[in-house]
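Quick note: the coordinates plus some simple rules give every number you see, no bench work behind them. All figures in this text were calculated on a predicted structure; none of them were measured in a lab. Note: ideal-geometry Cβ built from the backbone for every residue, glycine included; neighbour counts use all protein chains shown.
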Amino acid sequence: MDLKKRGREMKEFFDRKTDGYDDVHAAFAVTKRMLTENLDEGTVTVLDLGGGTGLELIPLFERFPEARVTVADISPRMLEALTARPFADRVRTVCGDFFETDWGEGYDAVISTSALHHFAPEDKLRLYKKVRDCLRDGGQFLNADKVVPDRRAQEEALTEYAEDPDRWPHMDTPLAPSSELELLEDAGFIHCSVELTDREDYRLFAARK
Ligand SMILES: C[S@@+](CC[C@H](N)C(=O)[O-])C[C@H]1O[C@@H](n2cnc3c(N)ncnc32)[C@H](O)[C@@H]1O
């Protein structure tokens, strides 16, 4: 998979979709709340991968008003919308591609929602190793994201994308839950688990360094 092309597609897509984004994603409120509910008591430093306009940070700052969050995202327009939130002074942004930016280290938790379902397993493994490296020992990784039911559906989507990466400007290539768990374990995480959400095609993955 050409990750630079993938990143460009995402940036263009989300820069274009920023206006009205929060209305569309209100439908994902439960998955966003689940992230916060699963964070450890006393969480302070958080990295949010693909945090966009900051929707999942609304419940997060309600539960953890003292939190300090870094949002890594490739879309300048989504990040610009985030700066209008009342908690923007507690958020630092890193604008650029997940595979190219420096996120810092020592985080209590890394969270992500609806942002990591565009990568092939080998790229995701690299990403998950990078996530693990930037956590403190014992830190949590929580990812609420789109999945496909099984590995057959996963292969079909990846093959369809590989055959014609230009067919759609933003084609999802979610992985199967079993594949996600295997990648987390291969990246060195422990206590890897998966939970259902209110959406049939969404799961919450949890893992620890
Ligand atoms: C569907 S939005 C999710 C935003 C937010 N997490 C939410 O749930 O409302 C996906 C976000 O991931 C970002 N993103 C996608 N691919 C990325 C990449 N390769 N590097 C950095 N950010 C990326 C997009 O710019 C977008 O803001």
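In whole Å, what is the distance between the alpha-carbon centres of the stretch 140-199 and the stretch 65-117?
Between the Cα centres of the stretch 140-199 and the stretch 65-117 lies a distance of 21 Å.
Out of all DSSP beta bridges with both ends in the stretch 3-208, state the antiparallel percent to the nearest 5. Don't jump to the answer; show the numbers that get you there.
Details: 12 of 32 bridges.
Bridges in the stretch 3-208 are about 40 percent antiparallel.
To the nearest 20 debye, what charge dipole does the chain have about its Cα centre, counting +1 at the Cβ of each Lys and Arg and -1 at the Cβ of each Asp and Glu?
Roughly 420 debye for the chain.
Taking only C-alpha pairs under 8 Å that are 6+ residues apart, what is the relative contact order of the stretch 127-209 in percent? Intermediate results must be reported in sequence, preceding the final value.
On the way: 120 pairs, mean separation 35.1, N = 83.
In percent, rounded to a whole number, it is 42.
For residue 200 and residue 163 in the same chain, what is the full-extension length gain: residue separation times 0.36 nm, less their Cα-Cα distance, in nm?
Working: separation 37, 0.36 × 37 = 13.32 nm, distance 2.74 nm.
Contour length minus the Cα-Cα distance gives 10.6 nm.
Could you sort out which of 124/146; 4/129; 5/124; 5/209; 32/130 sit more than 21 Å apart by Cα distance in this structure? Present the calculation step by step, with values, prior to reporting the outcome.
Working: 124/146 14 Å; 4/129 19 Å; 5/124 16 Å; 5/209 31 Å; 32/130 23 Å.
Those over the limit are 5/209; 32/130.
Relative contact order of the stretch 60-164: what whole-number percent is it, with Cα pairs under 8 angstrom and at least 6 residues apart?
Values: 98 pairs, mean separation 24.7, N = 105.
So the answer I get is 24 percent.
Looking at 127, 58, 24, which one has the Cα that reaches farthest to the positive end of the dipole of the stretch 3-208 (charges on Cβ: Lys, Arg +1; Asp, Glu -1)?
58
Over the chain, what relative contact order in percent results from Cα pairs under 8 Å that are six or more residues apart?
Numbers: 374 pairs, mean separation 42.9, N = 209.
Over the chain, the number comes to 21 percent.
Which of the chymotrypsin sites (Phe, Trp or Tyr not before Pro) found in the stretch 127-209 are loop residues per DSSP with 16 or fewer other Cβ atoms within 10 Å of their Cβ? Display every interim value, and only then the final one.
Numbers: sites: 128, 141, 161, 189, 202, 205; in loops: 189.
Nothing satisfies the criteria.
Just to be sure I follow: if Rg is taken over the C-alpha atoms of the chain and Rh is the Kirkwood radius over the same atoms, what is Rg/Rh? Display every interim value, and only then the final one.
On the way: Rg = 15.9 Å, Rh = 17.1 Å.
Dividing the radius of gyration by the Kirkwood radius yields 0.93.
Going highest first, how would you order 56-64, 10-18 by mean Cβ packing within 10 Å? Mind showing how you got there, number by number?
On the way: 56-64: 19.7, 10-18: 16.7.
In descending order of packing, they fall as 56-64, 10-18.
If a/c stays under 1.5 just call it rounded; otherwise compare a/b with b/c (prolate if a/b is bigger, oblate if not). Do that for the stretch 37-145, with a ≥ b ≥ c from the square roots of the Cα gyration tensor eigenvalues.
On the way: a/c = 1.68, a/b = 1.16, b/c = 1.44.
Judged from the Cα gyration tensor, the stretch 37-145 comes out oblate (a/c at least 1.5, b/c at or above a/b).
Would you look at the GNM of the chain, springs on alpha carbons closer than 10 Å, and say which of 50, 20, 96 moves the most?
20
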